[in-house]
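Note sheet for the following structure.
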Amino acid sequence: MREILGRRRRLLSRRDSGKSDLISAALTFATAWQWPVLPGIGLAAAGRRDGVRCACPDPECTVPGAHPFDPGLLAATTDERMVRWWWTNRPTAPIVLATGATSGVGGHAPCAVSLPAVAGARALAVLDRAEVRLGPVIATPERLFLLVAPYSLEQLGELLYAKDFVPGSLRFHGEGGYIALPPSATGAGQVRWERAPLPGSAAPWAPDVEAVVDAVVDALTRTGVSAPEL
């Protein structure tokens, strides 16, 4: 009996640690880095025969667990009291970043460029050999997300128009978009840092989107890597 009780305490301790990690990370993003965040919808209760499902009403949800629902994206905030209240009441909720937010929701968040994980890993290796300076990189089992400085739609449009070739699997997460932040758990799997920010209280540095897109497209082209259309 003592062995069973001890095992239960250890399991509960691990679960509580995961919950505290989420609220601690959410508070760091919002207060120390001034990144506007809000809780994601999360996943449906375990035990369903049809696999992992989003908790939202859409049975065909393409980003299960990893998107805002209630509250909506415009509720993203850097307010400590609001963030603490959200994750106290929803301790396992994924942390969602409102990308490129500069007004309305408060804070000044980065944007992101993402691509499939396999092609992304090869691109990172090429960029490292070329000594291209990157900012933090977020990973899920399916994709890599390279954080970049905020950009406008006009700036992105001009950049892509000037390219002869842009892999269709590249996705751009700018103002009005969102991504899940570590250590969230979503339908795509665990969200983690592939390249973690340097320790400290200041918001991490992020490169301009031009540098990242130029380097990624060049890396994929020169190595013959064809990122699949995912």
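The values are calculated or read from the model by the stated rules, or taken from the named source; none is laboratory data. Note that the structure is predicted; figures quoted are calculated from it, not measured. Every residue, glycine as well, gets a Cβ built from its backbone with ideal geometry; the counts of neighbours run over all protein chains shown. Accessible surface areas use protein heavy atoms only, side chains included; no ligands, DNA or RNA. Shrake-Rupley method; radii C 1.70, N 1.55, O 1.52, S 1.80 Å.
Scanning the stretch 159-168 for any residue that is assigned to a loop (DSSP other than H, G, I, E, B) and touching a His at 6+ places or on another chain (Cβ under 9 Å) turns up nothing.
When Tyr161, Tyr151 are checked against the criterion of being surrounded by 19 or more Cβ atoms within 10 Å (Cβ to Cβ) and of a type outside the set (A, V, I, L, M, F, W, C), Tyr151 stands alone in meeting it. Consider the stretch 51-89 and keep the residues that are touching a residue at least 40 places away in the same chain (Cβ under 8 Å) and assigned to a helix (DSSP H, G or I). The one that is surrounded by the most Cβ atoms within 10 Å (Cβ to Cβ) is Val83. Picking from residues in the stretch 138-158 that are among the aliphatic types (A, V, I, L, M) and part of a strand (DSSP E or B), the one that is nearest to the chain's Cα centre (by Cα) is Ile138. Against the numbered list (1) open to solvent by less than 30 Å² (accessible area, probe 1.4 Å); (2) of a type in the set (A, V, I, L, M); (3) more than 16 Å from the chain's Cα centre (by Cα), Ala45 comes up short only at (1). Within 26 Å of Trp33 (Cβ to Cβ), in a helix (DSSP H, G or I) and over 17 Å from the mean Cα position of the chain (by Cα): is that true of Ala202 in this structure? So Ala202 fails the test. Residue-level check: of (1) crowded, with 21+ Cβ neighbours inside 10 Å; (2) within 11 Å of the chain's Cα centre (by Cα); (3) of a type outside the set (A, V, I, L, M, F, W, C), Pro183 misses just (1).
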